[in-house]
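Student: Before I ask anything, let me first share the structure, which is written out below as structure tokens.
The values are calculated or read from the model by the stated rules, or taken from the named source; none is laboratory data. Since we're looking at a predicted model, the values are computed, not measured. Here the Cβ is made from the backbone with ideal geometry for all residues, glycine too, and neighbour counts use every protein chain on show. Ligands, DNA and RNA are excluded from the accessible area calculation, which covers all protein heavy atoms including side chains. Shrake-Rupley method; radii C 1.70, N 1.55, O 1.52, S 1.80 Å.
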Amino acid sequence: MVWSSSLKNKCFFYMRRMLKSKTLSYIIAISLFIGFLVFVALRQRTPINFSRLAGYESLILEGFINTIIVSVIALFGSIILGFIMYLMTKSKSQTLRTIADVFTEIIYGTPLLVMIIVMAFLIGPAFNSFNRIVWALSGIIIYITPYMSNVYRSVFKSISDEQYMAMDLFGFTATQKYRYIIIPQVLRMLMPPFMNNFSLIIKGSALLNVISHRELFFTISLFQTRTFAYSEGYLLMWLLYIMITVPLSQLTKYVERRWSLE
Amino acid sequence: MNIKIKNLTHAYDVNVLDDLHLDLDGYHAIGIIGISGSGKSTLLRILAGIEKPNQGTVEINGQFADDKHYKQNIGFVFQSHTLFPHLTLLENITIVLEKTRGIDKQTAKKTAIENLTRLGLDDQKDKRPNKVSGGQAQRASIARALSVNPDILFLDEPTSSLDPILTDEVLSSVEKLKGLGKDFIFVTHVISFVKDFADYVLYMDQGVIAEQGTPDMLDNPKTDALKNFMNKVR
Ligand SMILES: Nc1ncnc2c1ncn2[C@@H]1O[C@H](COP(=O)(O)OP(=O)(O)OP(=O)(O)O)[C@@H](O)[C@H]1O
Ligand SMILES: [Mg+2]
């Protein structure tokens, strides 16, 4: 009697600990999602059959790679343009600040899809340029720019006035201040929000299909119209985006924790 | 130390310091007290040469506060610690010594450890500021300020962001610095610390020095303002 009751207690103890454990809860949550996917897949009119992908691997890979290429370009573009915009908002010139302000409002008010279309089909042609991908990509860059500018603002603000006073008092030269104190701090703090915006860009880049750029969304659509394997295409498309963005967000969280200075 | 303040006036929107005069010699620890907004921090920053006054002059030990080399002889500890958050406590000190004083790595490290040890932080030296307590961070700020070997150490309410236990911890470390042969000018709300540590006290009220003298003046205040203040802080 005594033995069995203590054994029972032990069992309960371990079960409760397992239920509380993070790993287990993740396994449950992810299984739920996979279960849902399976349910959805099984409910399609024609059974899902991934072997229909055969022969189209390189097309889809091309889309996958192009998505990453345009996203990386847009990331760096908006990192640079965002910094310029940040400098404008900090400028002594009222005109520059107002320009930054007005542009920000206009960009905030524009859906990304509209921004891409306007850039590629309206503004580009106004400059006699029909290089749609360049204009559309600029559209994404411009769309993200105010968000990047905000990132810079909050990061630079987090270096306190007293820290600057301390640097002055010790007699750091301007170059030394940036090189040893400001930039090393700023870089750490910029990284996680940059990565978050990168994820936004990757997701937004799917909209480039409206200008027939051969990114992931577009190449999968091509595959679908050629094979009529619509369900397979959508499922694959979804999984491929998640395969990039979820690890990216995990990495972001890791970097955030690892580099936190708070 | 020898302090001469002449016609010191400073305004932001209104006058914060109003025509101050002071001529003191031979004191080593000057405590500044007064209610919030009376101009203590402003006075301290001007004395340290961090801020330029609108009018008047400050001269300490024969050197004017607007002198190029003035700040080299000064250490300043702010209300909240100003350690550089991406560097360890040790690196916070060595970077200052190496980059701004041109001291070589080994010597810088030795000096840094010496000063951290003096403030009881030798076992914390490789931690970042976010990994130590507020009191330890503030003591590290003091160690950093000391490590450039200043003649005068300024402290502006170094404990106002700390709880009572950490306050005690920091203030008793400061008291132990008495033997270093340095001079101190400090602002604090902790009256017992003023009585223990200061050898001269300035009581500020609305931008003027309303009463001054040795710390025993706190037990027998002459002006009503200081009387009220002492009743409040008790
Ligand atoms: N940089 C500034 N710009 C504008 N006004 C300021 C600035 N610094 C201080 N003041 C004003 O000057 C007055 C005196 O401020 P100061 O910080 O010197 O007071 P204090 O005695 O140190 O107060 P506390 O005990 O709250 O620290 C206050 O009214 C404050 O609002
Ligand atoms: Mg103050």
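Student: For the peptides A:57-63, B:167-173, what is the packing order when you average, over each peptide's residues, the other Cβ atoms within 10 Å and list the highest mean first? Numbers along the way, then the final one.
Tutor: Working: A:57-63: 15.3, B:167-173: 19.6.
Per-residue Cβ counts within 10 Å, averaged per peptide and sorted highest first, yield B:167-173, A:57-63.
Student: Still on this structure, please answer the following. To the nearest whole number, what is the average tally of beta carbon atoms from other chains within 10 Å of the beta carbons of peptide B:76-82? Write out the running numbers ahead of the final one.
Tutor: On the way: counts 6, 1, 7, 1, 2, 3, 9.
Partner-chain Cβ atoms within 10 Å, mean over residues of B:76-82: 4.
Student: Now, a different point. So if R0 is 51 Å, what FRET efficiency would residue A:41 and residue B:105 give, r being the distance between their Cβ atoms, rounded to the nearest 0.05? Intermediate values should be presented prior to the final figure.
Tutor: On the way: r = 63 Å, r/R0 = 1.23.
Once the sixth-power term is evaluated, E becomes 0.20.
Student: Among the listed pairs A:92/B:109; A:90/B:109; B:99/B:178; B:40/B:110; A:157/B:6, which are separated by more than 32 Å between their Cα atoms?
Tutor: A:92/B:109; A:90/B:109; B:40/B:110; A:157/B:6
Student: Label 7 Å along Cα→Cβ of residue A:249; region A:163-206 residues with amide nitrogen under 18 Å?
Tutor: What the label zone holds, given the 18 Å backbone N cut-off, is A:192-206.
Student: Related question: Please give every one of the lysines within straight-line cross-link reach of residue A:8, meaning a C-alpha to C-alpha distance under 30 Å, and leave out same-chain neighbours fewer than 8 residues apart.
Tutor: The reachable lysines, counting only those whose Cα sits under 30 Å from residue A:8, are A:20, A:22.
Student: Need one number: nm distance between label points at residue A:196 and residue A:239, each 7 Å from Cα along Cα→Cβ, rounded to one decimal.
Tutor: That separation, rounded to one decimal, is 3.0 nm.
Student: Over region A:1-43, what lengths in whole Å, largest first, do the semi-axes of the equivalent ellipsoid take, defined as the square roots of 5 times the eigenvalues of the alpha-carbon gyration tensor? Please report the intermediate quantities before stating the final value.
Tutor: Numbers: eigenvalues 245, 29, 3 Å².
Semi-axes (√(5λ), whole Å): 35, 12, 4.
Student: Would you calculate, for the protein assembly as shown, the mean residue ellipticity at 222 nm contributed by helices, counting each DSSP H stretch of 4 or more residues as -39,500 (n - 2.57) and dividing by all residues, to the nearest 500? Walk me through the numbers on the way to the answer.
Tutor: Working: 17 runs with 273 residues, N = 496.
The per-residue figure over the protein assembly as shown is -18500 deg cm²/dmol.
Student: All other residues with a Cβ under 15 Å from the Cβ of residue A:256 taken together, and with Lys, Arg as +1 and Asp, Glu as -1, what is their net charge? Each step should come with its number before you reach the end.
Tutor: On the way: positive: A:188, A:253, A:257, A:258; negative: A:262.
Neighbourhood net charge equals +3.
Student: For peptide B:1-13, compute the average count of partner chain beta-carbon atoms within 10 Å of each residue's beta-carbon. Numbers along the way, then the final one.
Tutor: Values: counts 0, 0, 0, 0, 0, 0, 0, 0, 0, 0, 0, 0, 0.
Going residue by residue through B:1-13 and averaging, the value is 0.
Student: If you rank A:217, B:154 by how much accessible surface each has, with a 1.4 Å probe, what is the order from largest down?
Tutor: Numbers: A:217 65, B:154 0 Å².
The ordering from most to least exposed comes out as A:217, B:154.
Student: Can you give the mean number of other chain Cβ atoms that lie within 10 Å of the Cβ atoms in peptide A:158-169? Don't skip to the end; give the middle numbers.
Tutor: Values: counts 1, 2, 4, 2, 8, 6, 1, 7, 13, 4, 4, 16.
Mean partner shielding for this stretch: 6.
Student: Please list log₁₀ I(q)/I(0) at q = 0.05, 0.06, 0.09 Å⁻¹ for the protein assembly as shown, using the Debye equation with identical point scatterers on the alpha-carbon positions.
Tutor: -0.35, -0.48, -0.84
Student: Go through region B:167-176 residue by residue and turn each phi into a ³J(HN,Hα) via Karplus (6.51, -1.76, 1.60, θ = phi - 60°); whole Hz please, and just put x for glycine and proline.
Tutor: 4, 4, 4, 6, 5, 6, 5, 5, 4, 5
Student: If you build the convex hull over the alpha carbons only and average its shadow over all orientations, what do you get for chain A? Give it in nm² to one decimal. Show your work: numbers first, answer last.
Tutor: Values: hull surface 96.8 nm².
If you wrap the Cα atoms of chain A in a convex hull and average its projections, you get 24.2 nm².
Student: Test of understanding: what is the full-extension gain from residue A:11 to residue A:68, defined as 0.36 nm times their sequence separation minus their Cα-Cα distance? Can you show the working numbers first?
Tutor: Working: separation 57, 0.36 × 57 = 20.52 nm, distance 4.88 nm.
Full extension from residue A:11 to residue A:68 adds 15.6 nm.
Student: Among A:241, B:189, A:59, whose Cα sits farthest toward the positive end of the charge dipole of the protein assembly as shown (+1 at Cβ of Lys/Arg, -1 at Cβ of Asp/Glu, about the Cα centre)?
Tutor: So the residue furthest toward the plus end is A:59.
Student: Rounded to the nearest 0.05, what FRET efficiency do residue B:131 and residue A:90 give with R0 = 25 Å and r taken as the Cβ-Cβ distance? Could you check?
Tutor: Details: r = 32 Å, r/R0 = 1.29.
Efficiency computed from Cβ-Cβ geometry: 0.20.
Student: What ³J(HN,Hα) values, in whole Hz, does the Karplus curve 6.51 cos²θ - 1.76 cosθ + 1.60 give for region B:193-204 when θ = phi - 60°, with x put for Gly and Pro?
Tutor: 5, 4, 5, 6, 9, 6, 10, 8, 10, 10, 9, 9
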